[in-house]
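Okay, so here's the structure we're looking at.
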Amino acid sequence: MIRPLLVAAIVASTALPALADDIARQDTPAITVSGEGSVQAPPDLAQIDAGVASDAKTAREAAEANNTAMARVLQALKTAGIADKDVQTSRLSLQPQYVQTNRPGQTTVTGYRASNRLTIKLHDVGKVANVIDAVVAAGANDVGNVFFSVAEPSKLLDQAREKAVTDARRKAEIYAKAAGVTLGQPLNIAEDGAPTPVFRAKTFAAPMAAGAPTPVAQGEETLSVTVSVTWAIKAGQ
């Protein structure tokens, strides 16, 4: 029969090496730095917010006018070759319009506004200007932002990650040299936050004159990653 004290001694002797390793890792001289990496790429995906707002004396008249106008906009998108799966209703509303009366705190209904907005996805960013012109010509009078992005950023973000680690090593070597120590192996690498492309939205006014094309600048997208790296250090040779 194994006595309780002997069992405790065996367990303690077994756990000591692991505990010693943990303590050794905690006591390892180290330096932690952050590195940043970014990659620029032309956008290959665009999103347009566009819709129709219709005013009328009654709610029914406003809704009917809006439905008719939106049907023309949707047909214009089909004619422009935009697939149904790339067109989605983002907002639909019907609200009374008020005006202040001569009596303080009192308002009266002067009519109704029906609004229907769409989110349009374009896989060919070269079509952005033409699509905007097409929906405006069809009756869209509520055109908002254009968002440019990169459809598949994974490979580009991997390049940014490599640059971020390289940047972290560069900084660590500078600190190590200044402190008179030698840089060892990385002990820990952690990516700060969720790496996402930096999307840019452009706001523009719909063209006022018929036949005046809408100017759209695509520019480039920046994909960035930040990492924190802990490096082991030892006395300089």
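The values are calculated or read from the model by the stated rules, or taken from the named source; none is laboratory data. Quick caveat, the model's predicted, so the values are computed rather than measured. We place every Cβ from the backbone using ideal geometry, glycine too, and count neighbours over all the protein chains shown. Areas reflect the complete protein model, heavy atoms only, side chains present, ligands, DNA and RNA absent. Shrake-Rupley method; radii C 1.70, N 1.55, O 1.52, S 1.80 Å.
Structure notes:
- Violating pairs (Cα-Cα greater than 32 angstrom) within the set Lys57/Lys127; Lys121/Lys155; Lys127/Lys155; Lys163/Lys234: Lys57/Lys127
- Near Asp55, once Lys and Arg are set to +1 and Asp and Glu to -1 for all other residues with Cβ below 15 Å from its Cβ, the sum equals 0.
- Here the extension length gained between Glu152 and Asp86 equals 22.1 nm, from 0.36 nm per residue of separation less the Cα-Cα distance.
- Structural size metrics of segment 78-191, computed from C-alpha coordinates, are Rg and Dmax of 27.4, 81 Å.
- The order of Leu223, Leu156 by accessible area, most exposed first and with a 1.4 Å probe, is Leu156, Leu223.
- Based on Cα atoms of segment 31-106, Rg over Rh with Rh as the Kirkwood radius reads 1.29.
- Estimated distance in nm for a label pair at Asn102 and Ala178, the labels positioned 7 Å out from Cα along Cα-to-Cβ: 7.6 nm
- For Val150, net neighbour charge (Lys/Arg +1, Asp/Glu -1) across residues whose Cβ lies under 9 Å away: -3
- 3J(HN,Hα) from dihedral phi, segment 139-151, Karplus parametrisation 6.51/-1.76/1.60, rounded to Hz, x for glycine, proline: x, 5, 10, 9, 9, x, 9, 10, 10, 9, 7, 9, 5
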